[in-house]
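Presented below is the structure to which this report refers.
The values are calculated or read from the model by the stated rules, or taken from the named source; none is laboratory data. Here the structure is a predicted model, which is why all the values come from computation and not from measurement. Don't worry about glycine lacking a Cβ; one is built from the backbone with ideal geometry, like all the others, and counts go over all protein chains shown. For accessibility, only protein heavy atoms count, side chains too; no ligands or nucleic acids. Shrake-Rupley method; radii C 1.70, N 1.55, O 1.52, S 1.80 Å.
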Amino acid sequence: MACKRDAMNGLQRTIKRSLDFIFAFIGIVVLSPLLLIIYLMLKMQHNGPAIFTQERIGYKGHPFTIYKFRTMSDVETEPRLVANCDELNATKLERFLREHHLDELPQLWNVIKGDMSFVGPRPERKYYIDKIMKFDRDYELIYEMRPGLTSEATLYNGYTDTMEKMLKRLHMDINYLERRSLFLDFSIIMRTALSIISGKKF
């Protein structure tokens, strides 16, 4: 049964999932040469695997493995809200990938699998979800949506580096849930694309 605060009905959710699959598949096919080039360039650095994996919590509260191109040469010794490339001795290539959001391209595979959507809340680690839940139990509403590659919260709240920003992101994500539509998703995707093209940091 859908969350009563979800603005999308069953048909819209089905269409959203179908469009996610179609465009993610097209994206992987079209971008496959770029994906291969980035993969090989990272492998040639000989300082770790080219693909970074991490467990996140997603739709219905189920854990899944997220995929990204590695942008950190050092191992993270403890959970952190936002990884700092300079702090973790990232190479120029790794910093470039992260700054231009190219590190997130492997997440197209997560979209195809159904772990994620193009638009939805940022998938978080259980470590931080537990901390957020101590302040606001409404985080459970996030489980009604598939995590996304982008969102209004990502565009306008940026990557979170404090609990205050995490709670603000939560409220923005819940607001999205209460008013989401296929048109709003299209608008968010277009705004994200324009932000990336313009070089805006978020």
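Candidate cross-link partners of Lys126 among the lysines, defined by an alpha-carbon separation under 28 Å and a same-chain spacing of 8 or more, comprise Lys4, Lys16, Lys60, Lys68, Lys113, Lys134, Lys165, Lys168, Lys201. Between Met133 and Ile15, the distance separating the two model label sites (each 7 Å from Cα on the Cα→Cβ line) works out to 3.5 nm. Largest GNM mean-square fluctuation among Met133, Met172, Met145, using the chain with Cα springs under 10 Å: Met133. Entry comment: accessible area of the chain is 54 Å² per residue, from protein heavy atoms only and a probe of 1.4 Å.
At an R0 of 35 angstrom, the distance between the Cβ atoms of Phe25 and Tyr156 translates into a FRET efficiency of 0.75.
Using only Cα atoms and rounding to the nearest 10 degrees, what angle (0 to 90) does helix 10-43 make with the longest principal axis of the chain? Relative to the chain, helix 10-43 is tipped by roughly 10 degrees. Note: relative contact order over the chain, using C-alpha pairs below 8 Å and six or more positions apart, is 24 percent.
Per-residue packing, averaged as other Cβ atoms within 10 Å, sorts the ranges 23-29, 33-39, 147-153 into the order 147-153, 23-29, 33-39, beginning with the highest. Between Asn175, Asn157, Asn47, the Gaussian network model of the chain with springs among Cα atoms under 10 angstrom shows the greatest mean-square fluctuation at Asn47.
Dividing the helix sum by the residues of the chain, where each DSSP H run of 4 or more adds -39500 (n - 2.57), gives a mean residue ellipticity at 222 nm of -16000 deg cm²/dmol.
Annotation: extensible slack from Ser32 through Ile51 equals 5.4 nm (criterion: 0.36 nm per residue apart, minus Cα-Cα distance). Taking the accessible area of the chain, probe 1.4 Å, and keeping the other protein chains in place, the carbon and sulfur fraction comes to 62%.
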